[in-house]
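Student: Got a structure for you, written out below as structure tokens; questions coming shortly.
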Amino acid sequence: MKIIAHIDMDAFFAAVEERDRPGIKGMPIVVGSDPAGGTGRGVVSTANYAARKYGIFSATPISKAWKLSEKAKKEGKPGVIFLEVDFAKYGAVSRKIMEIVGKHSPIVEEASIDEAYFDLSHAGSYEKAKEVCQKIKAEIREKENLTASVGIGPNKLIAKIASGFQKPDGLTIVEEKDAEDFLAEMPARALPGVGPKTEILLKGKGIEKIKDIKKFSKDQLEEILGKWGIDLYYKARGIGETELVTEYEAKSIGEQETFMKDTLESNFLFERLAKAAERVFERFKRSEFKSFKTVGITVRFSDFETKTSAHTMKEPANSQGVLKKEALKLLMPYLDSRKNPKKKLIRLLGIRITQFQ
Ligand code: TTP
Ligand code: MG
């Protein structure tokens, strides 16, 4: 029996700041770009739960967050504390959290800075898995003074939805036999991958809740949504992946960099990607592998939308020049309208080589 867990830190960036600045404990806190007295152009990275009560969330324009704070003040409530994003600090905390999780599970997939999937099949039962997760939560609270929410289920899909089910500081267990019912009454939007566009398409077909998806056959869903419709057919039934991808098993070598400032400056991006390619090539040379066939890049935009592109060459390669050239070719379309029509700024670039020989 597979038992998969998913952990997601609560109001992560804001919680770290609240912890480190005793003076602001309990206040509404927003971490994001500079509000500049209401004229700032960026967005909110995250808001703590007190600020969410004012209607401020991740990706809310910072100018709107400012207005909502002013409004609250007029009503006699505390104003929002606005703080800058400190990635280095959150990255360091993230590593500590991942270490704690890693002590309790042999397989951990780090899905983002504040979330991870981990395998608890070895626990043998949901009851035992729950105890492991209670230990992890307690250790995070003691050592890092932060809270996390955890979900346990038969696959990644259920674990992820379960971890978001009772936030903050939640622990939700959904056994395989209950998975389908657990999802049934939730809005279709609750399924990972169903974004605003898919939601509109589904609503057009009368689909509001996850259980409504089940009225449609696989073929019908494929007609509405393409290949992704088939995924949705299974997801609506609580069926999902159980394979976790750890760095070690990925059989790839990769590097990524988050920039101090989001940018679309092509010279800068080319240079950073070339540097990352050099680091990857160094690791490749030290590895047991003789050549690679596939080069991939990851591009994360300022709104956290993340895209990947890869190219598999006809012949295996083993030169740094080829690696750089392939990577830059993959990056180009993200700098113009081909893959970035809204000219979104880039916050992270990654490069990866696979298919070794
Ligand atoms: P989330 O886990 O999505 O959000 P959260 O941890 O702040 O709150 P929750 O309790 O609901 O889990 O994202 C983790 C961190 O990633 C978040 O603290 C800040 C950052 N982030 C952004 O910078 N922009 C975004 O749009 C989102 C969604 C997250
Ligand atoms: Mg979180």
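Student: Criterion first (modelled with pLDDT under 95, in the same structural domain as residue 175 (by TED's automatic domain parsing) and either out of contact with any strand residue (DSSP E or B) (no Cβ under 9 Å at 6 or more places or on another chain) or closer than 23 Å to residue 16 by Cα (or both)) does residue 149 satisfy it?
Tutor: On the way: modelled with pLDDT under 95: no; in the same structural domain as residue 175 (by TED's automatic domain parsing): yes; either out of contact with any strand residue (DSSP E or B) (no Cβ under 9 Å at 6 or more places or on another chain) or closer than 23 Å to residue 16 by Cα (or both): yes.
Against the criterion (modelled with pLDDT under 95, in the same structural domain as residue 175 (by TED's automatic domain parsing) and either out of contact with any strand residue (DSSP E or B) (no Cβ under 9 Å at 6 or more places or on another chain) or closer than 23 Å to residue 16 by Cα (or both)), residue 149 does not qualify.
Student: Oh, and also: Can you name every residue in segment 39-60 that is away from ligand 1 (no atom under 11 Å from the Cβ) and at pLDDT 95 or above? Steps first, answer last, please.
Tutor: Within segment 39-60, the subset away from ligand 1 (no atom under 11 Å from the Cβ) is 39-41, 50, 53-56.
Answer for segment 39-60, where residues must be away from ligand 1 (no atom under 11 Å from the Cβ) and at pLDDT 95 or above: 50, 53, 54, 55, 56.
Student: Quick check on segment 9-49: of everything there that is within 16 Å of ligand 2 (Cβ to nearest atom), in contact with a Gly (Cβ under 7 Å, 6 or more places away or on another chain) and in contact (Cβ under 8 Å) with a residue 24 or more places away in the chain, which residue is farthest from residue 154 (Cα to Cα)? Spell out the reasoning first.
Tutor: Taking segment 9-49 as the starting set, the residues that turn out to be within 16 Å of ligand 2 (Cβ to nearest atom) are 9-19, 29-32, 44-49.
Pick out the ones that are also in contact with a Gly (Cβ under 7 Å, 6 or more places away or on another chain) and you get 32, 44-45.
Now restrict to residues that are in contact (Cβ under 8 Å) with a residue 24 or more places away in the chain: 32, 45.
Working: 32: 36, 45: 31 Å.
Applying the filter and picking the extreme gives 32.
Student: Moving on to the next point. Is it true that residue 51 is within 24 Å of the chain's Cα centre (by Cα) and more than 20 Å from residue 260 (Cα to Cα)? Spell out how you get there, then give the answer.
Tutor: Working: within 24 Å of the chain's Cα centre (by Cα): yes; more than 20 Å from residue 260 (Cα to Cα): yes.
So residue 51 fits the description; yes.
Student: Hey, can you tell me all the residues within segment 286-319 that are closer than 17 Å to residue 113 by Cβ and either part of a strand (DSSP E or B) or in contact (Cβ under 8 Å) with a residue 40 or more places away in the chain (or both)? Quick ask: steps written out before the conclusion?
Tutor: Going residue by residue through segment 286-319, those that are closer than 17 Å to residue 113 by Cβ are 298-306.
Correct list: 298, 299, 300, 301, 302, 303, 304, 306.
Student: If you don't mind, there's one more thing I want to ask. Within segment 78-124, count every residue that is more than 16 Å from ligand 1 (Cβ to nearest atom) and under 21 Å from residue 32 (Cα atoms).
Tutor: Qualifying residue count for the region: 2.
Student: Could you check segment 289-338 and list, in sequence order, the residues that are of a type in the set (Val, Ile, Thr) and more than 14 Å from residue 356 (Cβ to Cβ)?
Tutor: Step one: filter segment 289-338 for residues of a type in the set (Val, Ile, Thr), giving 294-295, 297-299, 306, 308, 312, 322.
Matches in segment 289-338: 297, 298, 299, 306, 308, 322.
Student: If residue 134 satisfies every condition in (1) within 14 Å of ligand 1 (Cβ to nearest atom); (2) in a helix (DSSP H, G or I); (3) of a type outside the set (Phe, Trp, Tyr) but one, which is the exception?
Tutor: Condition (1) is where residue 134 drops out.
Student: Then there is this: Quick check on my filter: what residues within segment 59-83 are crowded, with 19+ Cβ neighbours inside 10 Å and more than 28 Å from the chain's Cα centre (by Cα)?
Tutor: 72, the sole residue that qualifies.
Student: Here's something else I'd like to know. Might you let me know whether segment 137-145 holds any residue that is part of a helix (DSSP H, G or I), more than 24 Å from the chain's Cα centre (by Cα) and under 29 Å from residue 52 (Cβ atoms)? Quick ask: steps written out before the conclusion?
Tutor: Taking segment 137-145 as the starting set, the residues that turn out to be part of a helix (DSSP H, G or I) are 137-144.
Checking which are more than 24 Å from the chain's Cα centre (by Cα) leaves us with 142.
The next check asks that each one be under 29 Å from residue 52 (Cβ atoms); those that pass are 142.
Scanning segment 137-145 turns up at least one residue that is part of a helix (DSSP H, G or I), more than 24 Å from the chain's Cα centre (by Cα) and under 29 Å from residue 52 (Cβ atoms).
Student: How many residues, within segment 17-38, are among the hydrophobic types (A, V, I, L, M, F, W, C), within 24 Å of the chain's Cα centre (by Cα) and more than 8 Å from ligand 1 (Cβ to nearest atom)?
Tutor: The initial filter retains those residues of segment 17-38 that are among the hydrophobic types (A, V, I, L, M, F, W, C), namely 24, 27, 29-31, 36.
From what is left, the residues that are within 24 Å of the chain's Cα centre (by Cα) are 29-31.
If we keep only those that are more than 8 Å from ligand 1 (Cβ to nearest atom) as well, we get 29-30.
Total satisfying the criteria: 2.
Student: Could you grab the pairs with beta carbons closer than 6 Å, sequence gap of 6+ or different chains, first residue in segment 73-86 and at negative phi and modelled with pLDDT of 95 or more, second one part of a helix (DSSP H, G or I) and not acidic (Asp, Glu)?
Tutor: Listed by first residue and then by second, the contacts come to 79/69; 79/73; 80/51; 80/69; 81/24.
Student: Also: Pull out all pairs, ordered by first then second residue, where Cβ-Cβ is under 6 Å, the residues are six or more apart or on different chains, the first lies in segment 149-160 and is over 12 Å from residue 180 (Cα atoms), and the second is within 16 Å of ligand 2 (Cβ to nearest atom) and of a type in the set (Phe, Trp, Tyr).
Tutor: Cβ pairs passing all conditions: 156/117.
Student: Provide a single number: the residues in segment 111-135 that are in contact with a helix residue (DSSP H, G or I) (Cβ under 6 Å, 6 or more places away or on another chain) and within 15 Å of ligand 2 (Cβ to nearest atom). Step through it out loud before you land on a result.
Tutor: Residues of segment 111-135 in contact with a helix residue (DSSP H, G or I) (Cβ under 6 Å, 6 or more places away or on another chain): 113-114, 116-118, 120, 123, 129, 132.
With within 15 Å of ligand 2 (Cβ to nearest atom) added as a condition, the list becomes 113-114, 116-117.
The number of residues fulfilling the criteria is 4.
Student: How many of the residues making up segment 44-94 are aromatic (Phe, Trp, Tyr) and in contact with a Phe, Trp or Tyr (Cβ under 8 Å, 6 or more places away or on another chain)?
Tutor: Looking only at segment 44-94, we keep the residues that are aromatic (Phe, Trp, Tyr), and these are 49, 54, 57, 66, 82, 87, 90.
In the following step, the residues that additionally are in contact with a Phe, Trp or Tyr (Cβ under 8 Å, 6 or more places away or on another chain) were identified as 66, 82, 90.
Number satisfying all stated conditions: 3.
Student: Restricting the search to segment 118-131, which residues are outside any helix (DSSP H, G or I) and in contact with a Ser or Thr (Cβ under 9 Å, 6 or more places away or on another chain)? Working first, answer last.
Tutor: First pass over segment 118-131, keeping only residues outside any helix (DSSP H, G or I): 118-120, 124-125.
Scanning segment 118-131 gives 118, 119, 120.
Student: Which residues, counting only those in segment 248-306, are β-branched (Val, Ile, Thr), in contact with a helix residue (DSSP H, G or I) (Cβ under 6 Å, 6 or more places away or on another chain) and either away from ligand 1 (no atom under 16 Å from the Cβ) or modelled with pLDDT of 95 or more (or both)? Steps first, answer last, please.
Tutor: The initial filter retains those residues of segment 248-306 that are β-branched (Val, Ile, Thr), namely 253, 258, 263, 280, 294-295, 297-299, 306.
Checking which are in contact with a helix residue (DSSP H, G or I) (Cβ under 6 Å, 6 or more places away or on another chain) leaves us with 253, 258, 295, 297, 299.
Hits for segment 248-306 are 253, 295, 297, 299.
The values are calculated or read from the model by the stated rules, or taken from the named source; none is laboratory data. All values reported here derive from a predicted model rather than from experimental measurement. With ideal geometry, Cβ positions are generated from the backbone for all residues, glycine too; neighbour counts draw on all protein chains shown.
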